[in-house]
Every structure is written in structure tokens, then in C-alpha cells.
Amino acid sequence: MTGPAVQAVLFDLDGTLIDSAPDLGAAADKMRTDRGLESYPLERYRYMAGAGARGMLGVAFGITPDAPEFPQLREEFFVAYENRMLLNTHVFDGVQALIDAIRARGLAWGVVTNKSARFTDPLTRAIPLFGSAGAIVSGDTTPFSKPHPEPLHEAARRLGIPSGACIYVGDDERDIIAGRAAGMKTVAATYGYMGPQADATLWEADAAISSPMELLQFLNPA
């Protein structure tokens, strides 16, 4: 990966740094069982966890955002998720070691997620990993969300680092589109929520990693 020396690493949140699928899936599944429908296994929800309410409600009820009942179901899902979002969510194996290594190299790091601050703020306050993050940008921090590049530019501004000196790591094609549009080098995290039908090679990321610590090969030496 060539280009300017890396000064900061920005990450997507769900499916890249944390595994929130157990709580997202459970919130949607409770909506099913509350209606007398059969429970689905977590794996049925996992691959759509990165799509948030749209993905979870699509699995649970086969509904799309253009359905008239979608807004009401989405708010019901949000409340159900809020009530349990810290029960089984955890940092992916290797992420803490990665962040420690990034900091040891003197690099800044931060988060850019499409998750709204309603959820991002309590999650990142509760998980010690995020205490050293220099920027946390949610989906509603700016007027735009990914794949628009503005949230990534906002994170770079908060870090005081040019966008072109940042790497952006994410597990969804929208992450790679946003990173490229922001002038950042991009890395596809294939250990996240990519389903069996996803092909990260089509995203045109600068690199791909199958575990968090693999990112170190693209950073400045310690």
C-alpha cells in the first residue's frame, strides 16, 4: 500500500471493531416472538447485522424500508435494541491488541459509523477500548452518512490529520466507497459480517484483512 505516511487509522464500528450481532439479532427476534412467530437462530441475522435496522427487520419480517409500516417497526426495534445493546456485544478477538499496537506506533485512531449517536455514545462509553479513540463520528454527527465521505473528513478534522494520511477499515462496501471518496487508503475487514454472497475483491479496496492484527503490515513500523 503506497502513498503518504499513515498518521491515523479510522474504523467502522459494527462488524469491524465490535460484534454487536448477538444483541441486534436478539432485539429483532424478540419482535418476532412477541408476535407469536417462531424464533430464528442468530446466524440467520448475523450476516445482515452491518445493515442495522434495515437488515434486522428484513430478516425478521421480510420487510423493506419503503413499506408503510417500516418506520413504526424501526422505532420498536430501536427501543428493543437499546434495552439490551450491552448484554452480549463484545470486542472482536485481536482488536484490543491491534489498537495497542497502533498507539505504540504513535498513530491516532478513531471510529466512523453509520450507527446513530443514540447508540454509539452509550456503547463507546461502556467499552474501555474506546477510551483512547481520538474521534468518534456517528451516522448523524454530520448531515451525511456513509457512503458519503463527509463523516470520514469530520473524523480526520477532529484528529487534526489530513484525510489523505488516514486509513479507513470497514467490513461493508459502503465503507470502502466512503474511504476512497475521502482520499483515504481503504482496507476491507473480511472477518466481520460479510455474508457468503459478498465478495470484497469487487469493492476495490487497497487491501483486505482476515483478522485484525493483519492490519499492522500496512502501518508504519513501531
| the chain: calculated mean residue ellipticity at 222 nm from DSSP helix runs of at least 4, using -39500 (n - 2.57) | -11000 deg cm²/dmol
| field | Hits among aspartates and glutamates - C-alpha to C-alpha of Lys30 under 20 Å, sequence gap 8 or more where chains match | value | Asp19, Glu38, Glu43, Glu69, Glu75, Glu76, Glu82
| query | trypsin sites (Lys or Arg not before Pro) within segment 127-208: which are DSSP loop residues with at most 11 other Cβ atoms inside 10 Å? | reply | none
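Tell me, what % of the accessible area of segment 89-222 is carbon and sulfur with a 1.4 angstrom probe?
Percent of accessible area from carbon and sulfur atoms in segment 89-222: 50.
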| Spatially proximal lysines relative to Lys146 (Cα-Cα < 17 Å; intrachain offsets below 8 disregarded) | Lys115, Lys185
| request: Please report, in Å, the Rg and the Dmax of the chain, where both are computed over Cα atoms only. | output: 17.2, 56
| 0 to 90° range, to nearest 10: angle between helix 21-34 axis and the chain longest Cα axis | 10
| note | Filtering trypsin sites (Lys or Arg not before Pro) in segment 17-92 by DSSP loop and by at most 10 other Cβ atoms within 10 Å leaves Arg35
| request: Would you mind calculating the gained length between Asn83 and Thr201 on full extension (0.36 nm times residue separation, minus the Cα-Cα distance), in nm to one decimal? | output: 38.8 nm
| Under a plain spin-label model, where a point goes 7 Å from the Cα along Cα-to-Cβ, how far apart in nm are Glu75 and Val91? | 3.6
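How big is the dipole moment of the chain about its Cα centre under a simple scheme where the beta carbon of each Lys and Arg is +1, that of each Asp and Glu is -1, and everything else is neutral? Debye, nearest 20, please.
460
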| remark: Cα convex hull volume per residue for segment 99-188, in Å³, equals 87
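Return one whole number: the accessible area per residue of the chain in Å², for a 1.4 Å probe.
44
The values are calculated or read from the model by the stated rules, or taken from the named source; none is laboratory data. The shown structure was predicted, so the numbers you read here are calculated from the model rather than taken from an experiment. Cβ: placed from backbone, ideal geometry, glycine included. Neighbour counts: every protein chain shown. To get the accessible areas, we keep the full protein, side chains included, count just its heavy atoms, and leave off ligands, DNA and RNA. Shrake-Rupley method; radii C 1.70, N 1.55, O 1.52, S 1.80 Å.
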